[in-house]
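Asker: Got a structure here, written out as structure tokens. Questions coming.
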Amino acid sequence: MSTQDIPASVDPRLPPELERQIFETAALNRPICVPSLALVASRVREWIEPILYRTLVINTRPIPGFPVCSVADFRSIVNTRSSAFLRAAVKTVIAVRVLSADGKLMLRHFTGLETFYIISYDALWPDHNDEDTAFECPRLTRLYCDMTVLHRQAEDPPFAHPSLRGITHLEIFTHLFDTHEVHEWRALSALPCLTHLALNDDLTVELRAYILGGVCPALQVFLLLVEPEPYPTQFVKSLATDDVRFVVATVSGFREGLFGVCVDGRGLLGQGREVY
């Protein structure tokens with residue numbers, strides 16, 4: 001049948017499943033366009049609105065293609081969206097300089113969260129002394145934080161909470177352990193799935209050997225992040241090893257790629273050595 005044989009009154013239509021795939025692909029590639037795309041039709045809004053919340057970038061610089069929400073926007077989302085919607089929709093959060101109360105709200109309401117990058121300096125995870133331990137924490141796979149958010153007291157085990165057992169990728173901005181007292185780092189053994197670990201600036205030869213020596217049996221990449229040039233060449237040379245799992249990178253270079261990789265759903269620290 002030629003196009004001349006189609007009645008003029010019949011509107012050309014794509015199969016619904018193909019139409020949905022087109023809009024979802026466009027929304028995933030540029031979530032910032034979701035509000036505009038949602039105006040096309042109510043069915044389109046239903047398909048793509050959750051994608052707007054898949055990656056929340058809170059209180060930090062814009063990431064191309066992604067909307068940035070303020071802390072006030074975040075609180076509004078928590079107050080107006082159902083628990084079921086948030087659990088299914090929110091998978092990645094990048095939050096910078098937020099209060100511990102807001103960090104706790106993220107853990108409480110985003111129970112489907114997989115990747116969590118947070119700059120905050122107070123304990124977020126509940127411990128046995130916490131009055132509010134009833135809520136379910138998300139089962140994270142990727143975590144980027146200061147060690148102080150993990151536990152309230154220095155003597156408490158920082159990685160013991162059940163919600164952390166599935167973590168595969170961990171970056172610690174600053175830590176509470178002594179790099180010369182390597183036995184303190186045995187706490188990492190509480191993370192049986194850990195394959196990628198990053199530390200910032202501070203490392204000794206003894207600690208490098210200890211971490212690579214089996215405390216993290218599944219470890220594939222151990223990344224040390226150092227300040228940009230002038231590169232501390234003597235320091236880096238002193239850490240040299242034949243173990244190909246050990247990688248050194250500048251903080252600026254890593255951060256530049258970190259956010260871009262995070263927001264597209266592939267996660268951080270997870271693309272192999274070529275990322276570094």
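Where a number appears in this text, it was derived from the coordinates with a stated rule and is not lab data. Given the structure is predicted, the values throughout are model-derived calculations rather than measurements. Positions of Cβ are backbone-derived with ideal geometry, glycine not excepted, and every protein chain shown enters the neighbour counts.
Asker: From the phi angles alone, apply the Karplus equation (6.51, -1.76, 1.60; θ = phi - 60°) to region 83-89 and give each ³J(HN,Hα) in whole Hz, x where the residue is Gly or Pro.
Answerer: 4, 5, 5, 5, 4, 7, 8
Asker: Take peptides 240-251, 45-56 and line them up by average Cβ neighbours within 10 Å, highest first, as a rough protection proxy.
Answerer: Highest mean packing first, the order is 45-56, 240-251.
Asker: Also: Would you mind classifying region 141-223 by shape? Square roots of the alpha carbon gyration tensor eigenvalues, ordered a ≥ b ≥ c; an a/c under 1.5 is rounded, otherwise it is prolate if a/b is larger than b/c and oblate if not.
Answerer: rounded
Asker: For Ala198, enumerate residues with amide H under 5 Å from its amide H, sequence gap 5+ or separate chain, H modeled in the peptide plane.
Answerer: Leu170, Glu171, Ile172, Leu223
Asker: Could you sort the peptides 160-173, 177-190 by per-residue average Cβ neighbour count (10 Å cutoff), highest mean leading?
Answerer: Order by mean packing, descending: 160-173, 177-190.
Asker: Here's something else I'd like to know. Please sort 203-215, 13-25 by packing, taking for each peptide the average over its residues of neighbouring beta carbons within 10 angstrom, highest first.
Answerer: Descending packing order for the listed peptides: 203-215, 13-25.
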